[in-house]
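S.K.: Okay, handing you the structure first.
The values are calculated or read from the model by the stated rules, or taken from the named source; none is laboratory data. As the structure is a prediction and not an experimental result, all values here were calculated from the model. Cβ atoms come from the backbone with ideal geometry, glycine included; neighbour counts cover every protein chain shown.
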Amino acid sequence: MTEPTAPMSEEVAEKEAARLIHDAYQPTHYRDDTPVPAVGSTPPVPQPGRPPMSQKAVDASTVMLSASIATIPPGAITVGVMLASGYADPVVIGMICAAPAAVAVPILAIAKLIRGARPEPEVHQHFHGPVTQTTTHTKTNGVWARTNNKR
């Protein structure tokens with residue numbers, strides 16, 4: 001066990017406190033603001049804001065963000081009416097939330113059927129000389145893909 005030290009004088013304690021405060025406010029990082037050469041092996045630096053993407057992607061993301069904000073008022077009104085009327089039944093809330101998906105799934109299925117109903121284009125190939133033509137049918141399925149090539 002160590003012996004207790006003698007108490008510091010008021011002046012020594014103030015000097016020690018001032019030193020600790022001074023040390024505590026020293027910078028812990030440094031930013032070098034010297035200009036970077038125009039040509040060299042400097043890696044790219046991420047810039048603030050939206051990540052770089054095509055104009056089409058920017059337009060689509062803007063439309064999606066705007067459309068998502070437009071869904072808030074009808075939902076808030078519906079919740080307010082249900083709470084005010086006292087009919088905030090969980091089954092009704094579930095039906096309201098499931099309605100958009102119940103409408104969207106058949107529409108997407110019909111659209112996929114219509115897209116798949118187009119006839120395959122007729123291809124005419126003209127060869128001159130000895131030709132070997134091979135047709136390979138490929139089928140990949142499952143979570144872990146396995147490819148079976150059959151001739």
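S.K.: List pairs: first in region 30-57 and at pLDDT 80 or above, second not in a loop (DSSP other than H, G, I, E, B), Cβ under 9 Å, 6+ apart or cross-chain?
M.R.: M53/S61
S.K.: Being more than 18 Å from T71 (Cα to Cα) and hydrophobic (A, V, I, L, M, F, W, C) is the filter here; which residues of region 91-120 pass it?
M.R.: Within region 91-120, V91, V92, V105, I107, L108, A109, I110, A111, L113, I114, A117 qualify.
S.K.: Next question, about the same structure. Looking at region 82-122 only, could you name the residues that are of a type in the set (G, A, S) and not in a helix (DSSP H, G or I)?
M.R.: The answer is G86, A88, A117.
Residue-wise test of (1) outside any helix (DSSP H, G or I); (2) touching a Gly at 6+ places or on another chain (Cβ under 6 Å); (3) surrounded by fewer than 10 Cβ atoms within 10 Å (Cβ to Cβ).
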position	(1), (2), (3)
H22	no, no, yes
R31	yes, no, yes
D59	no, no, no
T62	no, no, no
I77	no, no, no
G80	no, no, no
